Amino acid sequence: MAAGGPAAMHDGDEKGGLRAALSGLTTRGRSFLAAGIAAAVCAYVLGQTDLLRVGLLLAVLPLVSAVVLVRTRYRVAGSRRLTPSRVPAGSEARVHLRVENVSRVPTGLLMLQDRVPYVLGPRPRFVLDRVEAGGHREVSYRVRSDLRGRYPLGPLQLRLSDPFGMCELTRSFSAHDTLVVVPRTEPLPAVRLAGEAPGYGEGRQRSLALAGDDDVIPRGYRHGDDLRRVHWRSTARYGELMVRREEQPQRARCTVLLDTRRLAYKGAGPDSAFEWAVSGAASALTHMLERGFSVRLLTDDGTAVPGEGAGGFAGSSQESAEQAGLLLDTLAVVDHSGGGGLSRAYDALRGGNEGLLIAFLGDLDEEQAAVVARMRRSSGGAVAFVLDSSDWAQGDVPPAGAGAAFEERLRLLRAAGWTAMAVRPGTGLADHWRQAGHQGAARSAAGGGTTDLSGGWS
């Protein structure tokens, strides 16, 4: 939930003085002014005193209305509230607007409008009746977008008019809000994928049984600690007894690699291959965080999510929702990269064992398929969801041999140890996830290790 913080609007500030008032004349006001001037000129030429009086009345009425309106001292406060401020693509959010008259003078007729990007729908406008002194009015509207992104809302504007409709003045509040439209996610089944070598999970369970996730090296002395574990150097530094830990908790790690190369995808829009890959990465990240994995989001240019630790975001029951939100916020604005290869991602993964590696890949040529195959060496297990753009491109005739080349790339990845899945249009990630689990079970029966995505390891 986001609040726009009340912003006061003083209509007696007389910004621009009479010039601002005259620029706010409506069509009716300009017509009266033009008719009054014309009548006054005709009266002067014809010598008609009565016509001159009529002309002066017509000309003065809009001017007086403008001056009175611009000098009327309204003090109005406005606020905006989003519920929720982060929504999946295709879902609706409700925007609540509140206008409060904090002056002692009742307002006239008000027209309230809020600025929103065109992808969220038409600009909302509301007509508010006279607001009494100290009173308020509340209105709301809905926004919806099928395209992920960050969309600014505001500023909120009020349009004031005089009782005769001769003049209108617009005042803007300063508060802005941001609606974050994140990728759609789908729940994934708790299955086992080809993963870490046997024994890693057992050590993780043992170390967690000895200490909690919040232990560090060293830590403060606690009643009952063995004095033989006192770390004297740290004790001298901190001025209190510090003990060292012989073991620290380990956490199952998972890296989600998202291929964002522009040349790897064809088409655009909510149903394009690239949007499927982004949505798939969001679903996988959320699923692994909920299972207690330490997750990291990596793109083809080798960059990770700003703000995450060296080992990625550590999932826990208390913080997984917040960390998932940060990851989804990053995916809400991820766009195509101009890179042509995946070598930077390979360099980022080459530093050590990354645990489970889940990749969402676009088109791969022979060279990039070889790079992806080498990534398997830096992971305990690797699962790839590969999208063939020739299947996803609507209306385009795929080149001859494209299907055979795609299957050859899959065979190369599988030979390197990947669990490689071909993603076809119209299928959800949950189905491919389950199929990958079946392949992992078959590999386990043949003697390989598997990662239990329901939380354990085997």
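Structure summary
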{"quantity": "Residue among Leu227, Leu263 that alone is open to solvent by 10 Å² or more (accessible area, probe 1.4 Å), more than 22 Å from the chain's Cα centre (by Cα) and at pLDDT 90 or above", "calculated": "Leu263"}
{"quantity": "Residue within the range 38-60 that is closer than 18 Å to Leu110 by Cα, in contact (Cβ under 8 Å) with a residue 12 or more places away in the chain and either surrounded by 17 or more Cβ atoms within 10 Å (Cβ to Cβ) or aliphatic (A, V, I, L, M) (or both) present", "calculated": "no"}
{"quantity": "Enumeration of residues in the range 125-150 that are among the acidic types (Asp, Glu) and either open to solvent by less than 40 Å² (accessible area, probe 1.4 Å) or not in a loop (DSSP other than H, G, I, E, B) (or both)", "calculated": "Glu138"}
{"quantity": "Flag for Leu33 being assigned to a helix (DSSP H, G or I) and touching a Pro at 6+ places or on another chain (Cβ under 9 Å)", "calculated": "yes"}
{"quantity": "Residues located in the range 78-120, provided they are under 18 Å from Leu328 (Cβ atoms) and of a type in the set (D, E, K, R)", "calculated": "Arg86, Glu92"}
{"quantity": "Pro122, sole failed condition from (1) out of contact with any strand residue (DSSP E or B) (no Cβ under 9 Å at 6 or more places or on another chain); (2) not in a loop (DSSP other than H, G, I, E, B)", "calculated": "(2)"}
{"quantity": "Residue check for Leu147: within 25 Å of the chain's Cα centre (by Cα) and closer than 26 Å to Thr330 by Cβ", "calculated": "yes"}
{"quantity": "Pairs with Cβ under 6 Å, 6+ apart, first in the range 71-99 and touching a residue at least 12 places away in the same chain (Cβ under 8 Å) and part of a strand (DSSP E or B), second open to solvent by 60 Å² or more (accessible area, probe 1.4 Å) and among the hydrophobic types (A, V, I, L, M, F, W, C)", "calculated": "Arg75/Val102; Ala77/Ala8; Ala77/Val102; Arg81/Ala3; Thr83/Met1"}
{"quantity": "Candidates Leu453, Leu412 - the one that is at pLDDT below 90 and of a type in the set (A, V, I, L, M)", "calculated": "Leu453"}
{"quantity": "Test: residue in the range 341-351 that is open to solvent by 10 Å² or more (accessible area, probe 1.4 Å), closer than 22 Å to Tyr265 by Cα, touching a residue at least 60 places away in the same chain (Cβ under 8 Å) and in contact with an Asp or Glu (Cβ under 6 Å, 6 or more places away or on another chain)", "calculated": "no"}
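Each row is one residue, and each column tells you yes or no for (1) within 15 Å of Ala359 (Cβ to Cβ); (2) of a type in the set (Gly, Ala, Ser).
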| position | (1), (2) |
| --- | --- |
| Thr260 | yes, no |
| Gly267 | no, yes |
| Trp276 | yes, no |
| Ala281 | yes, yes |
| Ala284 | yes, yes |
| Leu289 | no, no |
| Val295 | yes, no |
| Thr299 | yes, no |
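Residues are listed down the side, and each one gets a yes or a no for (1) over 16 Å from Arg75 (Cβ atoms); (2) modelled with pLDDT under 90:
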site	(1), (2)
Val99	no, no
Val116	yes, no
Asp129	yes, yes
Pro152	yes, no
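Matching residues to (1) in contact with a Cys (Cβ under 6 Å, 6 or more places away or on another chain); (2) at pLDDT 80 or above; (3) under 29 Å from Leu327 (Cβ atoms); (4) crowded, with 20+ Cβ neighbours inside 10 Å:
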| residue | (1), (2), (3), (4) |
| --- | --- |
| Leu179 | no, yes, yes, yes |
| Gly212 | no, no, yes, no |
| Gly220 | no, no, no, no |
| Ser234 | no, yes, no, no |
| Asp259 | no, yes, yes, yes |
| Pro270 | no, yes, yes, no |
| Ala273 | no, yes, yes, yes |
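The values are calculated or read from the model by the stated rules, or taken from the named source; none is laboratory data. Values in this document were obtained by computation on a predicted structure and should not be read as measured data. Don't worry about glycine lacking a Cβ; one is built from the backbone with ideal geometry, like all the others, and counts go over all protein chains shown. Keep in mind that these areas ignore ligands, DNA and RNA; they rest on the heavy atoms of the full protein, side chains included. Shrake-Rupley method; radii C 1.70, N 1.55, O 1.52, S 1.80 Å.
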